[in-house]
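The values are calculated or read from the model by the stated rules, or taken from the named source; none is laboratory data. As the structure is a computational prediction, the values presented were derived from the model and not from experiment. Cβ placement follows ideal geometry from the backbone for every residue including glycine, while neighbour counts extend to all protein chains displayed.
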Amino acid sequence: MPTIAIVGAGPGLGLSIARVFGEQGYEVALIARRQSSLDEMVAELGTAGVAAAGYRADILDRATLVRAFKEIAANHDPVEVLEFSPAPRGLEPGMVLAGPLEVSVANVQPHIDFYVHGAITATGQVLPDMLERGTGTLLFTTGPCSVAPMPTMGNVGIACAALRNWVLNLHDALAGKGVYAAHVPLSLDANDADPDTIAPHYWQIHSRGEGPEHLLTPETLRTGRDASDL
């Protein structure tokens, strides 16, 4: 049974993506910081007939992330899909928002550690095996500040744009190797950000395996077409 590993899984989008892939025959490995949240999501997926397990890790503590993937490798078939979509919840240490005039090394570094170093670490745990098998998908989710300037998120945008740059280069470097990498920026307001509406697009992106970037906007959700189709 193929496995999807969801890094930064939460009760919103992460859970919905898990449900969609589970319905397609995937076993789900959820990675998150709080064990109670993992237990609740695993139980909810179980009631829907989805095989799932939770693995506790703190993205800012890379050793715990590496350990979580070792546990996944011991308990599941190889990871066929990695979905990376962490979002800070509550007041993470040092993870403040800063506008362009307030950006400093101190308030950028935690976001670099969270988004960029977290993604690189997670990818490093599954990519070698994907390359050896010649199959796999790597999906990285960010907010709109990765592709469009948002002054209120001056420091976060630096980190998310760096992650985007790496993923686009990764997509090109993996061409012809059987492994697909793509960036999925979400550009949605509160009325459009329904996880159960968004999640099926991740299955479409994975199953098609085309294009380095798939901007999910309100128009995408209405038409079923993302920016790469337009």
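From the set of residues in region 1-41 that are among the aliphatic types (A, V, I, L, M) and part of a loop (DSSP other than H, G, I, E, B), which is modelled with the lowest pLDDT?
Within region 1-41, the subset among the aliphatic types (A, V, I, L, M) is 1, 4-7, 9, 13, 15, 17-18, 20, 28-32, 38, 41.
If we keep only those that are part of a loop (DSSP other than H, G, I, E, B) too, we end up with 1, 9.
Values: MET1: 91, ALA9: 96.
Only one residue fits best here, namely MET1.
With respect to ALA182, is the statement that it is in a helix (DSSP H, G or I) and of a type in the set (A, V, I, L, M, F, W, C) true?
Details: in a helix (DSSP H, G or I): no; of a type in the set (A, V, I, L, M, F, W, C): yes.
Taking the combined requirement at face value, the residue does not satisfy it.
Pick out the one residue from THR64, THR3 that is of a type in the set (Ser, Thr, Tyr) and surrounded by fewer than 22 Cβ atoms within 10 Å (Cβ to Cβ). Give the derivation first.
Values: THR3 fails: surrounded by fewer than 22 Cβ atoms within 10 Å (Cβ to Cβ).
Selected residue: THR64, the only one of THR64, THR3 that is of a type in the set (Ser, Thr, Tyr) and surrounded by fewer than 22 Cβ atoms within 10 Å (Cβ to Cβ).
Starting from region 162-188, take each residue that is more than 19 Å from PRO86 (Cα to Cα) and list its partners that are of a type in the set (Lys, Arg) and surrounded by 18 or more Cβ atoms within 10 Å (Cβ to Cβ), counting only C-beta distances under 9 angstrom and pairs at least six apart or across chains.
Listed pairs, sorted by first residue: none to list.
Inspect all residues belonging to region 120-130 and state whether any of them is crowded, with 19+ Cβ neighbours inside 10 Å and touching a Cys at 6+ places or on another chain (Cβ under 8 Å).
No, because not a single residue in region 120-130 is crowded, with 19+ Cβ neighbours inside 10 Å and touching a Cys at 6+ places or on another chain (Cβ under 8 Å).
Which of the residues that make up region 138-185 are more than 24 Å from GLN109 (Cβ to Cβ), in contact with a strand residue (DSSP E or B) (Cβ under 8 Å, 6 or more places away or on another chain) and either among the aliphatic types (A, V, I, L, M) or surrounded by fewer than 22 Cβ atoms within 10 Å (Cβ to Cβ) (or both)?
Listed by number, the residues that qualify are LEU138, LEU139, HIS171, LEU174, GLY178, VAL179, ALA181, ALA182, VAL184.
Take ALA199 and tell me if it is buried (at least 18 other Cβ atoms within 10 Å of the Cβ), in contact (Cβ under 8 Å) with a residue 12 or more places away in the chain and farther than 21 Å from ILE4 by Cα. I'd like the intermediate steps shown before the answer.
Numbers: buried (at least 18 other Cβ atoms within 10 Å of the Cβ): yes; in contact (Cβ under 8 Å) with a residue 12 or more places away in the chain: yes; farther than 21 Å from ILE4 by Cα: no.
Criteria not met by ALA199.
Has region 43-57 got at least one residue that is exposed (fewer than 15 other Cβ atoms within 10 Å of the Cβ) and more than 21 Å from SER16 (Cβ to Cβ)?
No, region 43-57 has no match at all.
Can you pull out the residues in region 108-137 that are of a type outside the set (Ser, Thr, Tyr), touching a Phe, Trp or Tyr at 6+ places or on another chain (Cβ under 8 Å) and more than 17 Å from ASP77 (Cβ to Cβ)?
Within region 108-137, VAL116, GLY118, ALA119, ILE120, ALA122 meet the criteria.
Output the residues belonging to region 131-171 that are more than 19 Å from the chain's Cα centre (by Cα) and over 17 Å from GLY99 (Cα atoms).
Within region 131-171, LEU131, GLU132, ARG133, GLY134 qualify.
Examine region 151-159 for a residue that is touching a His at 6+ places or on another chain (Cβ under 9 Å), over 18 Å from SER85 (Cβ atoms) and not β-branched (Val, Ile, Thr), and state whether such a residue exists.
yes
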